[in-house]
Amino acid sequence: MKAQGLAGSVILAAGGLCPLMHVPIMGNWNYFDIDIRLAVAFYVIVALALVGSLINKEGLIRFAGWGAIVLALITLAGIYFKAHDSFGFLHFKKLVNLAAGLVKYKWGWFVILAGAILLITVRKPGVVKVQ
């Protein structure tokens, strides 16, 4: 079992439950509050990382790490565009930017990034040369 892969998948799973964004009246949202389909896709990636760490497949662990980063970037872009599109009924561009600027990103993204970096940096056990 790869301890680094196991730790990365646990941190990744915890990051999905941390607050990822703050909507002014509704409060903090995690992956399940943002979109249930994205949350299911995210936790499928976490499960892949966990299975990869249990069966010692470094390639699967790294694939899950890269997949988590790609999915997080897609989610970040989706949040940005949805926030700007939701206030499209306002006809003044400065007012749209002001209203969309009220949606704030939270610290959960750093937890997801930390877990993904742990997954990406898993290496095959090498031979140690003693001199």
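The values are calculated or read from the model by the stated rules, or taken from the named source; none is laboratory data. Computed from a predicted structure; not experimentally measured. Heads up: the accessible areas ignore ligands, DNA and RNA and are worked out on the full protein's heavy atoms, side chains in. Shrake-Rupley method; radii C 1.70, N 1.55, O 1.52, S 1.80 Å.
Summary table below
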quantity: Within straight-line cross-link reach of LYS94, lysines at Cα separation under 30 Å, skipping those fewer than 8 residues along the same chain; calculated: LYS82, LYS104, LYS106
quantity: With 5 Å bins from 0: P(r) over the stretch 7-82, alpha-carbon pairs, percent; calculated: 3, 16, 26, 23, 14, 9, 5, 2, 1, 0
quantity: Potential extension, PHE32-ALA114 segment - 0.36 nm per residue separation minus Cα distance; calculated: 27.5 nm
quantity: Residue-level accessible surface for PHE81, protein heavy atoms, 1.4 Å, Å²; calculated: 130 Å²
quantity: Heavy-atom accessible area order for THR121, THR75, largest first, 1.4 Å probe; calculated: THR121, THR75
